[in-house]
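Report on the structure given below.
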Amino acid sequence: MLLRSLSLHLVARAGSCSAGPLRLQSLQPWHTFHTGPWLSSAASSKELLMKLRRKTGYSFVNCKKALETCGGDLKQAESWLHKQAQKEGWSRAAKLHGRKTKEGLIGLLQEGNTTVLVEVNCETDFVSRNLKFQQLVQQVALGTLLHCQNLKDQLSTYSKGFLNSSELSELPAGPEREGCLKDQLALAIGKLGENMTLKRAAWVKVPAGFYVGSYVHGAIHSPSLHNLVLGKYGALVICETSERRAGLEDLGRRLGQHVVGMAPLSVGSLDDEPGGEAETKMLSQPYLLDPSITLGQYVQPQGVSVVDFVRFECGEGEEAAEAE
C-alpha cells in the first residue's frame, strides 16, 4: 500500500506543474500522500501565501491558485503566475503603465435609493466604443454600487462619498468574479492592448424626502444592464422634496443637464443675486435651457430644493496635469 501511495504521489507531482524535469525531493512537512490541502497548517499556508504575494505583487486569489496548482512549490508557483500574467494581460498592463489615458467613459448606475457615478479612462476614443471596455465600466459601476449598499448607515439625510483610483481598484470585482477591480482592469488591458485607469467614483444614498436627478451627455445604454448609462459627461443633482410627484424624473434630468453644461462649483442660495455666464453658484447661474431666468427662478416654483450635486467630465484634469 505504501508503494502504491508513493507511486500515486509521484504521478500527481508530475502532472501538477509541467515546468522542468521531475526530481525526487526530500518531503517537506506540508507534502501529503493523499488528496487534500497543500499545506499541513493554516499558519504555514498563510505565511507561504504572504511571501508569494510580497514577492510577485499579484492578488491573493491568484497567488493562492498558483500554490494550489503547483503543490505548494514557491518557485514553480511564481513561474506559473508570470505565465498567467502574460496570458491574461497583467504583464501588458505593467508595460503600458504611464501612457496617457485622456479618453474613456462616465458610467451612471441607479438602483433603489443609491446612485453611483464612475469614470474609467483609456488612450483612444476607438477603445472607449469597444464592448469589452464598456463591460469594464459596467463592472466598476456595479462594484461601487455594492460597496455603497454594504455601508451600514442610518439615513436621516442624504449621504455622499467619493473613491479615488487606489480605493476603487481594491473593491471586490463582484459576486461572479474573482479578485478585485484592478484584476478586471488588467484583463481588459490585456484584451484591448491600451493603457486604462480606474480614475474615480462617487456615490449618493438618499432617504425618503430626497430625490437624485441624473443626466449623462451623449448617453449610451449598456446592452446587458438596462439601468447603466454611459457617456462623456455625467451629473447627479440631489434635491429635497416634500412628496414624490409626476415630472420629478424629468426635472432631475433638466437639472443634471444644467450642471453638465454650466459646470457650477457650488449650489449657492435662492437669495443670491443673479449672475452672468461667469457665475459659479448654481442657483444664480442663467438657466441653461432658458437664460432669461436663473436656475433658482426655474426651480423655486417646482416644489423642490437643490441641496448638492456631483459633476464628472471624462478626462478632466489631464490637461492641467500635463501643463504642470
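The values are calculated or read from the model by the stated rules, or taken from the named source; none is laboratory data. Everything numeric in this text was worked out from a predicted model, so none of it was measured. Cβ atoms come from the backbone with ideal geometry, glycine included; neighbour counts cover every protein chain shown. Side chains are part of the model used for accessible areas, which takes the heavy atoms of the whole protein and leaves out ligands, DNA and RNA. Shrake-Rupley method; radii C 1.70, N 1.55, O 1.52, S 1.80 Å.
Computed quantities for the displayed model
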item	result
Test set (1) more than 23 Å from Thr157 (Cβ to Cβ); (2) open to solvent by 20 Å² or more (accessible area, probe 1.4 Å) - Gly231 fails condition number	(2)
Tally, over region 254-272, of residues that are open to solvent by 60 Å² or more (accessible area, probe 1.4 Å) and at pLDDT 95 or above	2
Total residues in region 270-309, condition polar (S, T, N, Q), assigned to a helix (DSSP H, G or I) and within 37 Å of the chain's Cα centre (by Cα)	3
Count - residues of region 38-84 that are in contact with a helix residue (DSSP H, G or I) (Cβ under 7 Å, 6 or more places away or on another chain), modelled with pLDDT under 70 and surrounded by fewer than 20 Cβ atoms within 10 Å (Cβ to Cβ)	1
Count of region 123-182 residues which are small (Gly, Ala, Ser) and closer than 22 Å to Arg99 by Cβ	4
Lone unmet requirement of (1) more than 30 Å from Lys132 (Cα to Cα); (2) open to solvent by less than 40 Å² (accessible area, probe 1.4 Å) for Pro291	(2)
Any hit, region 238-247, residues being assigned to a helix (DSSP H, G or I) and either touching a Cys at 6+ places or on another chain (Cβ under 9 Å) or open to solvent by 20 Å² or more (accessible area, probe 1.4 Å) (or both)	no
Test result for Ala321, modelled with pLDDT under 95, under 30 Å from Leu198 (Cβ atoms) and open to solvent by 40 Å² or more (accessible area, probe 1.4 Å)	yes
Elements of type strands (runs of 3 or more DSSP E) in region 97-207, at least 3 residues being buried (at least 20 other Cβ atoms within 10 Å of the Cβ)	103-111, 114-122, 196-205
